[in-house]
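One structure below.
The values are calculated or read from the model by the stated rules, or taken from the named source; none is laboratory data. All of these numbers come straight from a predicted model, not from anything done at the bench. Methodologically, a virtual Cβ is constructed for each residue, glycine included, from the backbone with ideal geometry; neighbour enumeration extends over all protein chains shown.
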Amino acid sequence: MESTVKKRDPFYFKSFTVEQEGATMKVGTDGVLLGAWANVTKVKRVLDIGTGTGVIALMIAQRQPKASVIGVEIDPNAYEVAVKNFQSSNWSSRLKVINQSIQDFSQNESTFDLIVCNPPFFTGGTLSNNADRAEVRHTIKLPHNDLLRSIRKLLSSEGRFCVVLPLLEGLRFKEMAESAGLYCSKLTEVKGHVDKNVERVLLEFTKRPSITKVDTLAINQSNTRHDYTDAYRTLVEDFYTIL
């Protein structure tokens, strides 16, 4: 049977290359946003849940030279892609990927200073005809309740959990997280350009109740492609070659 996974070219960043051949989901804006936005101050142990190609893990390894980063990936094809990307990077000694579900991995006793995740987000609607893509984009193998329970076990007492989600799913996730004992300390609303509505949210959680700090980030100044705002350029300037 012919593979449903499309041929994909590598994605070139300033300091590393992400091979995408064999991965179900390619490098996208959501992952880059999360990798650049997450607070890596003083973190030493990082977990990337559903690492995919490994792009978020690679960005964090670049940003925080003292951190070791573990990626967990249930899909065997994506796991193989992440292994290659980690091994070919400048930070291979600090990067590791495990082919396992986060539900099983969370039985570990280890904890992490930072956990990041670009998770499945569709909780309803029509599934894609591509089964692999459907599992990545829908909460089939990783219901949000399971994700939150796993994070509650794995996050250190002073640690941070960061996630990117579409607006409505993000607001629902924020409520679910509080019920699980994870409290939103920072929320960044993301717009495609300055005059558009909020489309995504970047969320940071801790185990300590706190007042949520809210800000807004616009990617573009207009509908013109690559007409980036100064704030977005500052956020991703160490990574994108097109700036």
(message) Show me the strands (runs of 3 or more DSSP E) entirely contained within the stretch 151-243 in which 1 or more residues are over 19 Å from Cys117 (Cα atoms) and of a type in the set (D, E, K, R).
(response) 183-193, 213-220
(message) Out of the residues in the stretch 8-20 meeting the condition of being surrounded by 16 or more Cβ atoms within 10 Å (Cβ to Cβ) and assigned to a loop (DSSP other than H, G, I, E, B), tell me which one is farthest from the chain's Cα centre (by Cα).
(response) Arg8
(message) I need the full set of residues from the stretch 40-59 which are basic (Lys, Arg) and over 18 Å from Ser106 (Cβ atoms), in order please.
(response) Lys42, Lys44
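Part of a helix (DSSP H, G or I) and free of Cβ contacts under 8 Å to residues at least 60 places away in the same chain: which single residue out of Ala23, Ala36, Ala78 fits that description? Write out each step before concluding.
Numbers: Ala23 fails: part of a helix (DSSP H, G or I); Ala36 fails: free of Cβ contacts under 8 Å to residues at least 60 places away in the same chain.
Of Ala23, Ala36, Ala78, the one residue that is part of a helix (DSSP H, G or I) and free of Cβ contacts under 8 Å to residues at least 60 places away in the same chain is Ala78.
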(message) Anything in the stretch 152-179 that is surrounded by fewer than 18 Cβ atoms within 10 Å (Cβ to Cβ) and farther than 23 Å from Tyr232 by Cβ? List them, or say none.
(response) Arg152, Lys153, Ser156, Ser157, Glu158, Arg172, Glu175, Met176, Glu178, Ser179
(request) Return a yes/no flag: does the stretch 51-71 have any residue that is surrounded by fewer than 19 Cβ atoms within 10 Å (Cβ to Cβ) and farther than 23 Å from Glu204 by Cβ. (result) no
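Just need a number here: residues in the stretch 6-34 that are acidic (Asp, Glu) and out of contact with any Lys or Arg (no Cβ under 7 Å at 6 or more places or on another chain).
Of the residues in the stretch 6-34, 1 are acidic (Asp, Glu) and out of contact with any Lys or Arg (no Cβ under 7 Å at 6 or more places or on another chain).
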(request) Output the residues belonging to the stretch 39-57 that are in contact with a helix residue (DSSP H, G or I) (Cβ under 9 Å, 6 or more places away or on another chain) and in contact (Cβ under 8 Å) with a residue 60 or more places away in the chain. (result) Val40, Val43, Val46, Leu47, Asp48, Ile49, Gly50, Gly52, Ile56
(message) For the structure I just gave you, tell me whether Gln103 is surrounded by 15 or more Cβ atoms within 10 Å (Cβ to Cβ), of a type outside the set (Gly, Ala, Ser) and at pLDDT below 95.
(response) yes
(message) Looking at Lys66 and the list (1) out of contact with any Gly (no Cβ under 8 Å at 6 or more places or on another chain); (2) under 30 Å from Ser157 (Cβ atoms); (3) without any contact (Cβ under 8 Å) to a residue 60 or more places away in the chain; (4) not in a loop (DSSP other than H, G, I, E, B), which single condition is not satisfied?
(response) (4)
(request) Would you mind telling me which numbered condition in (1) surrounded by fewer than 18 Cβ atoms within 10 Å (Cβ to Cβ); (2) over 20 Å from Tyr240 (Cβ atoms) Val201 fails? (result) (1)
(request) Mind counting the residues in the stretch 81-113 that are in a loop (DSSP other than H, G, I, E, B) and among the acidic types (Asp, Glu)? (result) 1
(message) For the stretch 26-50, which positions are surrounded by fewer than 24 Cβ atoms within 10 Å (Cβ to Cβ), charged (D, E, K, R) and closer than 22 Å to His144 by Cβ?
(response) Asp30
